[in-house]
């Protein structure tokens, strides 16, 4: 099987009982790293030796130390959680502790299943080299009838998820841009909110994965460089 998913987090079964708020906070703090590694893994199409396609590094208190397991289609690696180090990392926005955990977990994974990890380690290194910037083009569409093209950009940081729109004229010069969505950096919060771009009756709509209009912009205003965004009520009529 090919590696398809990577995750670092506080063990759900344990921390959802003893401190679910801390578990969720940690998940949001490291989502930008896990998302980047997951997307890179899928591009690399790394083959595994067994019937598993995900690597989960689960953190537990020292007293709950456990050996690695293969569960369903996932390899689960357990590491001790150092709250003092995490608190310092959170206070300083320093990611070294997260990368220390990731590398330690990957080496255990390699020894446990005799898997090569050089490509994954390179992915981690490349992410550090670009200053941990997880920004990507979500959608690009041209609208010749309006003499504009539209780009939707997404970015994940340790603090939040943001979505931005950029409007360019027919000469590919930016005439308007801005951020129209900002949420917690949690996959379950932002997933699917930004999917496509539609134009209807002089209005540009941002549509979610399920076909609902989420945000709208007045095209004449955009062409004048004026950034005004309206949050829409759900409406599937985007044709």
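Observations on the structure shown:
- Within the span defined as the stretch 131-139, one or more residues are touching a strand residue (DSSP E or B) at 6+ places or on another chain (Cβ under 8 Å), more than 17 Å from residue 36 (Cβ to Cβ) and surrounded by 13 or more Cβ atoms within 10 Å (Cβ to Cβ).
- Scanning the stretch 41-64 for residues that are assigned to a helix (DSSP H, G or I), in contact with a helix residue (DSSP H, G or I) (Cβ under 8 Å, 6 or more places away or on another chain) and surrounded by fewer than 19 Cβ atoms within 10 Å (Cβ to Cβ) turns up 44, 64.
- Set side by side, the residues 33, 57 differ, and just one is touching a residue at least 40 places away in the same chain (Cβ under 8 Å) and in contact with a strand residue (DSSP E or B) (Cβ under 6 Å, 6 or more places away or on another chain), which is 57.
- Top-ranked residue of the stretch 169-186 - restricted to ones that are in a strand (DSSP E or B) and under 22 Å from the mean Cα position of the chain (by Cα), ranked as nearest to residue 30 (Cα to Cα): 184
- Qualifying positions in the stretch 65-96 - under 26 Å from residue 129 (Cα atoms) and buried (at least 16 other Cβ atoms within 10 Å of the Cβ): 77, 79, 81, 82, 86, 89, 95
- Residue selection: residue 164 satisfies the criterion of being closer than 30 Å to residue 9 by Cα, surrounded by 14 or more Cβ atoms within 10 Å (Cβ to Cβ) and touching a strand residue (DSSP E or B) at 6+ places or on another chain (Cβ under 6 Å).
- Test: residue in the stretch 48-65 that is closer than 19 Å to residue 121 by Cβ, within 14 Å of the chain's Cα centre (by Cα) and in the same structural domain as residue 103 (by TED's automatic domain parsing): no
- Residues in the stretch 65-118 that are farther than 26 Å from residue 47 by Cβ and assigned to a loop (DSSP other than H, G, I, E, B): 65, 66, 81, 82, 93, 94, 95.
- Looking only at the stretch 114-125, and only at residues there that are surrounded by fewer than 17 Cβ atoms within 10 Å (Cβ to Cβ) and touching a residue at least 40 places away in the same chain (Cβ under 8 Å), the one that is farthest from residue 156 (Cα to Cα): 114
- Qualifying residue in the stretch 204-214 (condition: in contact with a strand residue (DSSP E or B) (Cβ under 8 Å, 6 or more places away or on another chain), in contact (Cβ under 8 Å) with a residue 40 or more places away in the chain and surrounded by fewer than 19 Cβ atoms within 10 Å (Cβ to Cβ)): no
- Residues in the stretch 2-25 that are crowded, with 22+ Cβ neighbours inside 10 Å and either out of contact with any strand residue (DSSP E or B) (no Cβ under 6 Å at 6 or more places or on another chain) or part of a helix (DSSP H, G or I) (or both): 3, 15.
- Scanning the stretch 137-168 for residues that are in a strand (DSSP E or B), in contact (Cβ under 8 Å) with a residue 24 or more places away in the chain and farther than 21 Å from residue 103 by Cβ yields a count of 13.
The values are calculated or read from the model by the stated rules, or taken from the named source; none is laboratory data. A quick note: this is a predicted structure, and the numbers were derived from the prediction, not measured. So basically every Cβ, Gly included, is an ideal-geometry build from the backbone, and we count neighbours across all protein chains shown.
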